[in-house]
Amino acid sequence: MRAIWKGAVSFGLVSIAVKLYSATEEKDIRFHQVHRTDGGRIKYQRTCSVDGEVVSYDDIAKGYDIGGGEMVILTDEDFAELPLSTSRAIDVLEFVPAEQIDPILFAKSYYLEPEGQAAKPYILLRDALRDADRVAIVKIAIRQREQLATLRVRDDVLILNTMMWPDEVRTPDFGFLDDDIETRPAELAMASSLIDSMAGSFNAEDFTDNYRAALQEVIDAKVEGREVVQPEEAEEAPAAAIDLMAALKASVERARKARDSSGTPSSSDSPSSAPTKKAAPAKKTAAKKTTTAAKKAAPAKKTTAARKSTATEKPAKKSA
C-alpha cells in the first residue's frame, strides 16, 4: 500500500506521527471508451467555451458560478490564505460512544500506521480507545478539504472514518410520511415472524458480487476465444401482492423451506421440534462408534423381548 497522507494525531499534549492509507478499494471492472470500428482509444481535449482554444492544465483555474452568467475566479493564492489549521494534524476533539453516530454520516475508511518512533504512543491510544469502548471524534484536512472523522480500533489498527457534515445529509421529504397509514396487529405479527425466520449472523464472506463474476467470465471468454456460457436466469420477482397477509404468510413458508433445505434451523421453530428431528440421527451415530462390548450388550436386551414373541427372531438378529 502507498501512503496518501502524512501527519500527526494530536491527543492532548501527545503527538503521534502517522501515515494514512486507503483501507478499501473498489473491485469494479473498468472499461475504456474506444472507437467501435477499430478499437482506438477516445481522447478528450480541454477547450475554452469562449474562444474555442485548447487549454493546458497550467491555465486552468477554479471558478464559482454566481448565476446570471457571471463567474468568480479563485487563484492558488486565495486557497493558500484559508485557515486550514488541521492541514497536517488529526485533532482529537472528544470521545463518544460509537452507537451515537448514525452510519449515514460515514464516508470512507483509512488505515493509520505509526511513523518513526511513534509506535508506543500509537499503541497507547489504541488500547485506551479499546478499554474505554469509545471512538474519537477528530478533524482532518485531506486534499484541501477539512473533514470530520472518527478514530476507532479494528484488527489492532487505528481506523479513520471520514464523515459527512450534518448539513450534507439530506432530509427525507416524501408524501407518504404525511399520510395516516396504520398496520394491523396481525400483519405486524406476521412480519415479525418473517424477520425471525430469516434471522442470521452477518458474515461478509458469505456474499459475492455475482454480476462482476459473470462479467469477468464474459471478458475471459472473449480473450480465450471460447463460447460464452450464459449464467442461469435469476428467479423473477413476484408480482405486487394484493393481499398483504397472504404475501407475508407465503414469504414465511418460503423462508422456512429455504432454512430446511440448507440445514439451518429457523429461529422461529419451536424448542421442542428442533431437538426431536436431530435426536434420532445422533443416537445412530453414537451406535456406530460404540465398543465391541457395547455391541454385544445391545442384542442381549433384544433377546429378552424376542423370547416373549417368537423363537425364530433371535437367529435372524444375530445374522444381521
- Note on the structure: Going through the range 106-141 in order, the residues found to be open to solvent by less than 50 Å² (accessible area, probe 1.4 Å) and assigned to a helix (DSSP H, G or I) are Ala119, Pro121, Tyr122, Leu125, Arg126, Ala128, Leu129
- Across the range 180-208, the tally of residues that are open to solvent by 90 Å² or more (accessible area, probe 1.4 Å) and free of Cβ contacts under 8 Å to residues at least 12 places away in the same chain stands at 14
- Message: Give me the residue from the range 159-179 that is part of a helix (DSSP H, G or I) and open to solvent by less than 80 Å² (accessible area, probe 1.4 Å) and, out of that set, farthest from Phe106 (Cα to Cα).
- Response: Gly175
- Task: For the range 90-105, state whether one or more residues are touching a helix residue (DSSP H, G or I) at 6+ places or on another chain (Cβ under 7 Å) and either within 19 Å of Tyr21 (Cα to Cα) or open to solvent by 70 Å² or more (accessible area, probe 1.4 Å) (or both).
- Result: yes
- Could you list, in sequence order, the residues of the range 1-52 that are surrounded by 10 or more Cβ atoms within 10 Å (Cβ to Cβ) and in contact with a Ser or Thr (Cβ under 9 Å, 6 or more places away or on another chain)? Met1, Ile4, Gly7, Ala8, Val9, Ser10, Ile16, Ser22, Ala23, Arg46
- Query: Looking at this structure, is Ala221 more than 29 Å from Arg256 (Cα to Cα), of a type in the set (Gly, Ala, Ser), without any contact (Cβ under 8 Å) to a residue 40 or more places away in the chain and part of a helix (DSSP H, G or I)?
  - Reply: yes
- Close pairs (9 angstrom Cβ cut-off, 6 or more residues apart or separate chains): closer than 22 Å to Glu99 by Cβ in the range 133-146, part of a loop (DSSP other than H, G, I, E, B) and open to solvent by less than 50 Å² (accessible area, probe 1.4 Å) anywhere: Asp133/Pro97; Arg134/Pro97; Val135/Pro97; Val135/Ile101; Ile137/Ile101; Val138/Thr86; Lys139/Thr86
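The values are calculated or read from the model by the stated rules, or taken from the named source; none is laboratory data. Everything quoted here is computed from the prediction, not taken from an experiment. All Cβ positions, even for glycine, are placed from backbone atoms using ideal geometry, and neighbour counts span all protein chains on display. Only protein heavy atoms, including side chains, enter the accessible area calculation; ligands, DNA and RNA are left aside. Shrake-Rupley method; radii C 1.70, N 1.55, O 1.52, S 1.80 Å.
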